[in-house]
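FYI, it's all coordinate maths here, none of it is from the lab. Here the structure is a predicted model, which means the values were calculated and not measured.
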Amino acid sequence: MTAHGRQRRGMVRSYTATGGRATPSRTTLDEATLLIADPNVPLAGLGAQAYRVMDLCLPGVLAVSEVAFHLELPGAVTKVIVSGLVDSGHLVARAPFVPAAEQHDEDFLRRVLDGLQKL
């Protein structure tokens, strides 16, 4: 068992997990990239790790870092697997949604600051 109470699976060598590929075909993937599985693309012919990624992503959206955690693989190895699945149309990769910052009322912020200083 690991420190997190999960049973540790056997180690998978990086080159085995990636089918021998050393670098991802997409440089835009990072740990926060969101992955959305296309349920209409057949899973036949996928390697074991790619199939596991699809199994994780089909119920909903996951970030690359979450997939790496579940696979118990380094992020770099996971990015190679994921980029192959994006290339084949199995996954869609999206940048995480970050809402635009809103402008705040400067007078309101000064009153908050004044109130905090009086504490």
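Points worth noting:
- Segment A63-V41, extension gain: residue separation times 0.36 nm, minus the distance between their alpha carbons: 5.9 nm
- 3J(HN,Hα) couplings calculated from phi for region 77-93 with the Karplus curve 6.51 cos²θ - 1.76 cosθ + 1.60 (θ = phi - 60°) are, in sequence order, 5, 4, 4, 5, 5, 5, 4, x, 6, 5, 4, 7, x, 6, 10, 10, 9 Hz; Gly and Pro show x.
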